[in-house]
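Visitor: Take a look at the following structure, please.
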Amino acid sequence: MNKQIYVIGHKNPDTDSIAAAIGYAELKKQLGHANVKAAMAGSPNPQTLYILGRLGIELPVYLADIHPKVRDVIKRQPVTAGAEMPLREALALFHRHSIRVLPVVDGANAPIGIVSLLKLSEKYLVAGSDRKRGVDSSLSALAGSLDATFLSGGASDELEHLHLFIGAMEEDSFLSRIAGYDPATMLVMTGDRPSIQQAAIDKGVRILVVTGGLAVGDDLVAKGREAGVAILSTPHDTATAAWLARLSTPLACFIEPGFERVGVGEPLEHLRLKLLHSGEPAVVAVEEDGSIAGVATKSSLLASFPYALILVDHNELGQAVPGAETVEILEVIDHHKLGNPPSNQPITFMTAPVGSTCTVVATLYRERGLEPEKPIAALLLAGIMSDTVILKSPTTTERDREMVAWLEERAGLDHVAFGRDIFSSCSGFKAYGSLEKAVRSDFKHFTAHDTLFGVGQVEVVGFDEFYELKDDLRQVLKQVKEEEGLHMAGLMVTDIYTESTLFLVEGKNELAHIMGYPQLEPRLYELKGVMSRKKQMVPHLLKVLGAL
């Protein structure tokens, strides 16, 4: 299977995350991988939207989650049948397609029940006098199954419950055999036995089938017509005709209406539970409009998923798109500390202590002797400018500077002017539309021993706006802390020009005693020279929270 591969960054993506995903997907395409597509696990922030708009680059596809769905394992175009289909044709479908369950659908292709080969066999072979003789069919279906022609009477689609008798004995024995049955329900089969034919007509049976293609006297046909007896002539011998008559029963008589169904958009886990605990051999998958999409059996659970992931700018499942743990991860391209899960197969895992994932992606272009297109070069440059705060962040390395020089030449941009445009156009809280979006747009979770905490970051030009919104921001942090089950929630407000940060925190009040930075007021700290969450803020919090 040629899987769809998504290159995707972390939840609450920043510019580096989305730029790296787009840039690396384009690199994979240049290397001949046509089935690679950039994706994002959350809404882009205003800065990223500004950059993509300025460069004329489309947003990546949004994946709210990557949990496998029912549609990922079922085969479309299932074999189906109508309720009126004779059992003979249905058995041919079972054999021809090697299936064990046959869905029965209505005129709108919506499932109304299923017929399982196992239960069909059980029902068809049940002992008992009525089951031995009983044939549920219509004149039309019976004639079709027997390849018969009408000598008297005509086709009817009305379902009838008939009792089958074989006229292969003397007339007296035959008459004693059929005594006690209503002639209007009798289906008599016989060969060239005029006495039996005559007795059946005189008795007024419902149907007389003459087997072997043998001739029937005109006088008998006339008497049959007069008596209202349907007379059919079949080319098959009596034994075959008796078997085929039973196979003329329509599927409507065998439908199991209480079948299990599941929507194609439901999680695969729903299907798994239905298959493992319902006791049914199969589950019918339906489209959103109620029409049948496919049939799932336990073997469907072993099917490989039609997509896989390449993670960029993160390697921890806690930061990944929901469901990432259930699908194949092919590669990881990152610049953070390791927290990756184990993999079943060897994978490409590339991480470097640089200021931006886009630096790693740009390096891969250059190492392979490939040139990114001008918009992609500018996008990768923007990712580095954003994550290193125009190369001012302490996370900045010589390789970042080297790749900036390489990219700005190909993008035709001055990196300093470009970086200032990026930050000045989208800095501050108002660019996000709401304070909650500002806090959540780049909010990441971490763990220090038993303490769960999260830290967001917003770049600003001056702190005036922050002080106006401080009390409201504290309420938002309190809400985020409670909703996400954290012990502490914090927000870094970083002034890119003074290269300092104000840290607003909710929870862990005892932090004030060991924070190590000036406390301007309760829950607000001044961190001069701190710009990086990854290299400065989080390592410091891990240390002090661990001490608590």
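Visitor: Return yes when residue 150 is over 22 Å from residue 184 (Cβ atoms), at pLDDT 90 or above and either over 30 Å from the mean Cα position of the chain (by Cα) or surrounded by 14 or more Cβ atoms within 10 Å (Cβ to Cβ) (or both) and no when it is not.
Guide: When the stated conditions are applied, residue 150 does not pass them.
Visitor: Here's another thing I want to ask about it. Evaluate the following for residue 184: is it out of contact with any Lys or Arg (no Cβ under 8 Å at 6 or more places or on another chain), small (Gly, Ala, Ser) and within 19 Å of residue 220 (Cα to Cα)?
Guide: The answer is no for residue 184.
Visitor: What do you reckon, is residue 165 free of Cβ contacts under 8 Å to residues at least 40 places away in the same chain, crowded, with 20+ Cβ neighbours inside 10 Å and over 22 Å from residue 147 (Cα atoms)?
Guide: The answer is no for residue 165.
Visitor: Of all the residues that make up the range 373-418, how many are closer than 16 Å to residue 22 by Cβ, part of a helix (DSSP H, G or I) and of a type in the set (Asp, Glu)?
Guide: Number satisfying all stated conditions: 1.
Visitor: Name every residue in the range 95-125 that is charged (D, E, K, R) and either part of a helix (DSSP H, G or I) or closer than 23 Å to residue 135 by Cβ (or both), in order of residue number.
Guide: 96, 119, 122, 123
Visitor: Please count how many residues of the range 493-515 are closer than 25 Å to residue 462 by Cβ and either among the β-branched types (Val, Ile, Thr) or in contact with a helix residue (DSSP H, G or I) (Cβ under 8 Å, 6 or more places away or on another chain) (or both).
Guide: Residues in the range 493-515 being closer than 25 Å to residue 462 by Cβ and either among the β-branched types (Val, Ile, Thr) or in contact with a helix residue (DSSP H, G or I) (Cβ under 8 Å, 6 or more places away or on another chain) (or both): 11 in total.
Visitor: So which strands (runs of 3 or more DSSP E) stay within the range 466-543 end to end and still have 2 or more residues that are touching a residue at least 40 places away in the same chain (Cβ under 8 Å)?
Guide: 488-495
Visitor: For the range 262-284, how many residues meet the condition of being outside any helix (DSSP H, G or I) and either in contact with a Phe, Trp or Tyr (Cβ under 9 Å, 6 or more places away or on another chain) or over 30 Å from residue 141 (Cα atoms) (or both)?
Guide: 12
Visitor: Please work out which one of (1) more than 35 Å from the chain's Cα centre (by Cα); (2) surrounded by 21 or more Cβ atoms within 10 Å (Cβ to Cβ); (3) not in a loop (DSSP other than H, G, I, E, B) is the condition residue 295 fails and give its number.
Guide: Every listed condition holds for residue 295 apart from (1).
Visitor: Here's a follow-up. Could you count how many residues in the range 499-531 are within 21 Å of residue 395 (Cα to Cα) and either charged (D, E, K, R) or at pLDDT below 90 (or both)?
Guide: 3
Visitor: Among all residue pairs at least 6 apart or on different chains, which show Cβ distances below 7 Å where the first residue, located in the range 290-319, is in the same structural domain as residue 25 (by TED's automatic domain parsing) and the second is acidic (Asp, Glu) and surrounded by 22 or more Cβ atoms within 10 Å (Cβ to Cβ)?
Guide: Sorted first by the residue in the range 290-319, then by its partner, the pairs are 312/334; 313/16; 313/334; 314/334; 315/334.
Visitor: Moving to a separate point now. Name the residue that is farthest from residue 545 (Cα to Cα), counting only residues in the range 462-509 that are touching a Leu at 6+ places or on another chain (Cβ under 7 Å) and among the β-branched types (Val, Ile, Thr).
Guide: 476
Visitor: Considering each residue of the range 45-69, count those that are in a loop (DSSP other than H, G, I, E, B) and hydrophobic (A, V, I, L, M, F, W, C), and give that number.
Guide: Looking only at that region, the number is 5.
Visitor: Go through (1) crowded, with 18+ Cβ neighbours inside 10 Å; (2) not assigned by TED's automatic domain parsing to the domain that holds residue 313 and name the single condition residue 82 misses.
Guide: Result: residue 82 fails condition (1) only.
Visitor: For the range 408-465, what are the residues that are farther than 20 Å from residue 314 by Cβ and of a type in the set (S, T, N, Q)?
Guide: Once the filter is applied, which keeps residues that are farther than 20 Å from residue 314 by Cβ and of a type in the set (S, T, N, Q), the range 408-465 yields 424, 425, 427, 434, 451.
Visitor: Let me ask you something else. Look at residue 56 and say whether it is without any contact (Cβ under 8 Å) to a residue 40 or more places away in the chain and over 24 Å from the mean Cα position of the chain (by Cα).
Guide: So residue 56 does not fit the description; no.
Visitor: Only one of (1) surrounded by fewer than 21 Cβ atoms within 10 Å (Cβ to Cβ); (2) touching a Leu at 6+ places or on another chain (Cβ under 9 Å); (3) in a helix (DSSP H, G or I); (4) not assigned by TED's automatic domain parsing to the domain that holds residue 418 is not met by residue 92, so which one is it?
Guide: That leaves (2) as the condition not met.
Visitor: Look at the range 438-451 and say how many of its residues are surrounded by fewer than 18 Cβ atoms within 10 Å (Cβ to Cβ), out of contact with any Gly (no Cβ under 6 Å at 6 or more places or on another chain) and touching a residue at least 24 places away in the same chain (Cβ under 8 Å).
Guide: 1
Rundown of residues vs (1) over 28 Å from residue 543 (Cβ atoms); (2) surrounded by fewer than 18 Cβ atoms within 10 Å (Cβ to Cβ), yes/no style:
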position	(1), (2)
393	no, no
396	no, no
402	yes, yes
418	yes, no
425	yes, yes
454	no, no
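Visitor: Out of the residues in the range 65-87 meeting the condition of being modelled with pLDDT of 90 or more and among the basic types (Lys, Arg), tell me which one is nearest to residue 311 (Cα to Cα).
Guide: By that ranking, first place goes to 69.
Visitor: Right, residue 346: within 30 Å of residue 424 (Cα to Cα) and either out of contact with any strand residue (DSSP E or B) (no Cβ under 6 Å at 6 or more places or on another chain) or surrounded by 18 or more Cβ atoms within 10 Å (Cβ to Cβ) (or both) or not?
Guide: no
The values are calculated or read from the model by the stated rules, or taken from the named source; none is laboratory data. Given the structure is predicted, the values throughout are model-derived calculations rather than measurements. All Cβ positions, even for glycine, are placed from backbone atoms using ideal geometry, and neighbour counts span all protein chains on display.
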